[in-house]
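Please treat every number below as a calculation from the coordinates, not as lab data. What you see is a predicted model, and the numbers here were worked out from it, not measured in a lab. Cβ coordinates were reconstructed from backbone atoms using ideal geometry, including for glycine residues, and neighbour counts include every protein chain displayed.
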Amino acid sequence: MSNPIQPVRGMNDILPEQIVLWQHLEQVARGVLEAYGYEELRVPIIEHTELFKRSIGEYTDIVEKEMYTFQDLGGDSLTLRPEATAGIVRAAISNGLLRGQRHKLWCSGPMFRHERPQKGRYRQFYQIDVEAIGYAGPDVDAELIALSARLWRELKLDGVRLTINSLGTPASRLSYRERLIAYFRAQEQALDEDSRRRLLGNPLRILDSKNPEMRELIEAAPLLTDFLDEESRLHFDALRSALDSLGIPYTLNPRLVRGLDYYSRTVFEWVTDELGAQDAVCSGGRYDGLVVQLGGEATPAIGFALGVERVVALLQQAGNAPAARRPDVYLVVSGERAEREALRLAERLRDALPGRGVWLNLGGGNFKTQFRRADRSGARIALILGDEELERGVAGVKTLRGVGGQIDCPLALLPERIAALL
């Protein structure tokens, strides 16, 4: 026997006993998004590599180290998407959605980054991505954060907290960038290898370093909020005022810069202490310059991405997800003729009882074995159909949960009797 093939490192199977948590999150998220007027779209998981170089930034870890990039048979450089915002903006441009229009959009699905796998960080991971394109004011920033706060409430997750910052405009960041370069250059001997490489390419990314030996140096660096232009300051003040009026608590984090180059003005993260090192469960911000950067007309926009695996882990820890779906009826069968008839009976019951789970015993087994399967399935009712019952035109009806014995019911009346018992 040959050795079994294992999954690719960092790419995990989602098994049936886990999927109930995923489905719960997806169902709640869909309901919240629809209530706020967001429409679903689906974009390819493969895009031209240039899309991510132009949007995310060539000096980011994602582009430099983590993207799954390959050349296809036609010679094009393609990349498995490391995030969804760039693809959504590309779709809006290439499908002509931005001609004087505004859109509230969302999508979900797998993303891919070649990172070191660890708890909460995988090479194939899933996100729910939410974008409001064409909206310039701080009101949409506040509503988007309120939407995410409502999602936590509906999921009954109270262990997440909000941090916010403003990155200002590219022009105001340019002044800050010059001051930051001067500061780090004076401390160059204390920089690690990654930070030295970023010093002239993208010094703001040094602030996002996870190296604990750099923490003291970063804490003493100049603050971006001291360099904000007046318009960005007013925008940020209006956002904070809106969050205060909504009763949404937050913490100002002047070191929050986000890992992607396209962000401007508002940035935010929902973080938790319950998942170890991977503390961010939902991150986003405004990206007013990205549409132009990708070849469209100037269009303001803001969005966020939610890490599905991390939220599922929080749901699992909280223990407040619904139980797995169980069947309502389990059909126990004995006899050659009864087995043939049971297939037709199960289909007839599914037609007559929409939304009810009807499971048919498959693979044979004596009555004891089949009743054990029925009980293990969690079904509320067992139907017993044997050749002898068929001769009499009845099926046995046995309640498996609660009190009640077994009765015979004419086959023609089964849907009504089962509906009454359920």
Notebook entry, point to check: At a Förster distance of 51 Å, what's the computed FRET efficiency of Leu362 paired with Ala146, Cβ-Cβ distance as r, to 0.05?
Noted result: 0.55
Next item on the list: Give the distance, in whole Å, between the Cα centre of region 294-312 and the Cα centre of region 347-415.
Entry: 49 Å
Check: What FRET efficiency comes out for the pair Tyr183/His48, r = Cβ-Cβ distance, R0 = 45 Å, nearest 0.05?
Finding: 0.75
Check: Using 7 Å Cα-to-Cβ label points, what is the Ala412/Glu17 separation (nm, one decimal)?
Finding: 4.6 nm
Item checked: Sites matching GluC sites (Glu not before Pro) across region 21-90 that sit in DSSP coil, with at most 10 neighbouring C-beta atoms within 10 Å -> none
Note to self: Need one number: nm distance between label points at Lys210 and Glu297, each 7 Å from Cα along Cα→Cβ, rounded to one decimal.
What the structure shows: 4.2 nm
Item checked: Histogram of C-alpha separations across region 330-380, 5 Å bin width, % -> 4, 21, 30, 23, 17, 4
Note to self: Under the 0.36 nm per residue contour assumption, what length would be gained going from the current alpha-carbon distance of Leu246 and Gln101 to full extension?
What the structure shows: 49.4 nm
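Which of the GluC sites (Glu not before Pro) across region 285-382 are loop residues per DSSP, with 11 or fewer other Cβ within 10 Å? Numbers along the way, then the final one.
Details: sites: Glu297, Glu309, Glu336, Glu339, Glu341, Glu347; in loops: Glu297.
Taking region 285-382 and a limit of 11 other Cβ atoms within 10 Å, the loop GluC sites (Glu not before Pro) found are Glu297.
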Notebook entry, point to check: How many nm separate the modelled label positions at Ala420 and Tyr68, each set 7 Å beyond the Cα in the direction of the Cβ?
Noted result: 5.6 nm
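For region 1-134, what is the convex hull volume of its Cα atoms per residue in Å³?
Working: hull volume 20.9 nm³, N = 134.
Here the figure is 156 Å³ per residue.
Evaluate the relative contact order of the chain (contact order divided by residue number), counting alpha-carbon pairs under 8 angstrom at least 6 apart; express in whole percent.
16 percent
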Next item on the list: Please work out the FRET efficiency for the pair Arg233 and Glu34, using the Cβ-Cβ distance as r and a Förster radius of 22 Å; give the result to the nearest 0.05.
Entry: 0.05
Item checked: Kyte-Doolittle mean at least 0.0 and Cα axial length at least 20 Å: DSSP H helices in the chain -> 16-35
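How would region 329-421 be classified by its alpha-carbon gyration tensor: rounded, prolate or oblate, with rounded meaning a/c under 1.5 and the a/b versus b/c comparison settling the rest? Intermediate results must be reported in sequence, preceding the final value.
Details: a/c = 1.26, a/b = 1.05, b/c = 1.20.
The shape class here is rounded.
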